[in-house]
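The structure under discussion appears below in the form of structure tokens.
The values are calculated or read from the model by the stated rules, or taken from the named source; none is laboratory data. None of these values were measured; they are calculated from a predicted model. Don't worry about glycine lacking a Cβ; one is built from the backbone with ideal geometry, like all the others, and counts go over all protein chains shown. Surface areas here come from the heavy atoms of the whole protein model, side chains and all, with no ligands, DNA or RNA. Shrake-Rupley method; radii C 1.70, N 1.55, O 1.52, S 1.80 Å.
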Amino acid sequence: MLKEIGYKVWQLKTEFIYRLALKRYAKSLPALSLADRQIVDRLQQEGVYVTSLEKLGFASTSQLLDACSEVLSCTEPERDRSAAKSPLQIYTLSELTDFSLWGNERRLLDIVQNYIGLPIKFQGIQLRREFSHPQQFGAMLWHKDGDDRRSIKVIIYLSDVDREHGPFEYIPKSVTAAAWLRFRIDYQIFRTGFSGLKNEKMEQFVPRSAWKSCVGAAGTVILIDTHSVFHHGSLRTAERSALFFVYTARNPKRPDLCRRYSHHSHPRPNLSHNSQNLKQQ
């Protein structure tokens with residue numbers, strides 16, 4: 001009993017410190033253009049903003065696309081072996097300059113910082129190659145991430161994504177705004193050991209008509225607060241590839257979970273030593 005009370009007191013204390021830090025740092029947030037302010041407003045309202053590389057217009061985008069072509073060609077020979085063992089292959093790209101340059105674009109960092117509300121940390125970059133699979137598992141189950149109180153993932157489709165490719169799917173924050181509804185869903189996810197919910201279970205709480213599916217052409221960009229939005233990758237019958245850039249506060253709530261985005265357990269692409277587009281930092 002005393003242990004439980006001590007834990008509750010610790011939770012209240014850390015939450016108070018967090019709220020106080022948000023208030024103190026508000027005046028230090030970088031200024032935004034009207035267009036970028038609209039992105040932050042949309043994230044605050046719905047938890048997701050969908051755009052494209054072309055619309056963002058970052059200077060480093062051409063370098064990023066060249067780098068993506070190089071990496072995809074290097075990982076292609078791995079496909080048959082990876083698909084036989086697992087329908088998901090993750091590569092860590094955090095140490096590759098042309099990817100980190102895009103992820104550190106000043107405009108992007110300012111947008112993320114204004115949403116998170118505190119000094120931020122760029123946690124890492126992953127390439128995810130996802131192959132056909134008939135059943136929901138892992139990130140294909142409905143879930144929320146526990147890295148931080150607010151965290152942003154920037155997802156870039158590297159190929160056209162239609163229904164058969166298993167597009168990213170989410171439920172807008174406004175749909176689950178009621179505290180009682182969020183609690184019921186969170187409790188059901190807790191009962192699964194935090195693995196997540198299948199479509200049939202989620203449909204008991206939120207109708208499919210309220211689910212948002214992010215189909216889009218190669219170059220589609222999705223910004224999402226993965227802590228506040230229920231999301232998953234939908235079932236797929238065709239391969240898709242996407243980049244994931246991950247941002248949290250400088251001192252995240254769960255730093256242990258954040259390490260997975262640059263962890264050495266995931267392979268690095270086997271790039272040629274003569275590549276002019278990709279150079280390790």
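Only a single item in (1) out of contact with any Ser or Thr (no Cβ under 7 Å at 6 or more places or on another chain); (2) modelled with pLDDT of 75 or more is not met by residue 272, and it is number (2).
Can you name the residue in the stretch 250-269 that is assigned to a loop (DSSP other than H, G, I, E, B) and open to solvent by 60 Å² or more (accessible area, probe 1.4 Å) and is also modelled with the highest pLDDT among such residues?
Among those that are assigned to a loop (DSSP other than H, G, I, E, B) and open to solvent by 60 Å² or more (accessible area, probe 1.4 Å), it is 250.
For the stretch 165-194, the set of residues classified as of a type in the set (Gly, Ala, Ser) and either over 28 Å from residue 51 (Cα atoms) or open to solvent by 20 Å² or more (accessible area, probe 1.4 Å) (or both) consists of 174, 177, 178, 179, 193, listed by residue number. Quick one: in the stretch 227-249, which of the residues that are outside any strand (DSSP E or B) and of a type in the set (Val, Ile, Thr) is surrounded by the most Cβ atoms within 10 Å (Cβ to Cβ)? That would be 229. Is it the case that residue 158 is at pLDDT 90 or above and over 18 Å from residue 198 (Cα atoms)? For residue 158, the condition - at pLDDT 90 or above and over 18 Å from residue 198 (Cα atoms) - is met.
Here residue 73 meets each of (1) at pLDDT 85 or above; (2) assigned to a helix (DSSP H, G or I) with one exception, condition (1). Checked against (1) aromatic (Phe, Trp, Tyr); (2) over 29 Å from residue 34 (Cβ atoms); (3) modelled with pLDDT of 85 or more, residue 137 meets all criteria but (3). In the set (1) surrounded by fewer than 23 Cβ atoms within 10 Å (Cβ to Cβ); (2) among the aliphatic types (A, V, I, L, M); (3) out of contact with any Lys or Arg (no Cβ under 8 Å at 6 or more places or on another chain), the condition left unmet by residue 120 is number (3). A search for C-beta distances below 6 Å between a residue of the stretch 137-153 that is of a type in the set (D, E, K, R) and any residue that is in a helix (DSSP H, G or I), counting only pairs 6+ apart in sequence or on different chains, returns 147/257; 147/258; 150/116.
Would you pick out the residues in the stretch 170-209 that are touching a His at 6+ places or on another chain (Cβ under 7 Å) and at pLDDT below 95? Break it down into steps so the answer makes sense when it comes.
First, the residues of the stretch 170-209 that are touching a His at 6+ places or on another chain (Cβ under 7 Å): 170, 189, 196.
Those that are touching a His at 6+ places or on another chain (Cβ under 7 Å) and at pLDDT below 95: 189, 196.
Restricting the stretch 157-182 to residues that are of a type outside the set (Lys, Arg) and part of a helix (DSSP H, G or I), the residue that is farthest from residue 245 (Cα to Cα) is 180. In contact with a helix residue (DSSP H, G or I) (Cβ under 9 Å, 6 or more places away or on another chain), part of a helix (DSSP H, G or I) and not polar (S, T, N, Q): is that true of residue 185 in this structure? Here the answer is yes, as residue 185 does meet what is asked. In the stretch 97-117, the residue that is modelled with the lowest pLDDT out of those that are open to solvent by 10 Å² or more (accessible area, probe 1.4 Å) and hydrophobic (A, V, I, L, M, F, W, C) is 101. Taking the criterion of being more than 27 Å from residue 17 (Cβ to Cβ) and out of contact with any Lys or Arg (no Cβ under 7 Å at 6 or more places or on another chain), the residues of the stretch 172-185 that qualify are 174, 175, 178, 180, 181, 184, 185.
Taking the criterion of being open to solvent by less than 10 Å² (accessible area, probe 1.4 Å) and touching a strand residue (DSSP E or B) at 6+ places or on another chain (Cβ under 6 Å), the residues of the stretch 131-164 that qualify are 140, 142, 147, 148, 151, 152, 154, 155, 156, 157, 161.
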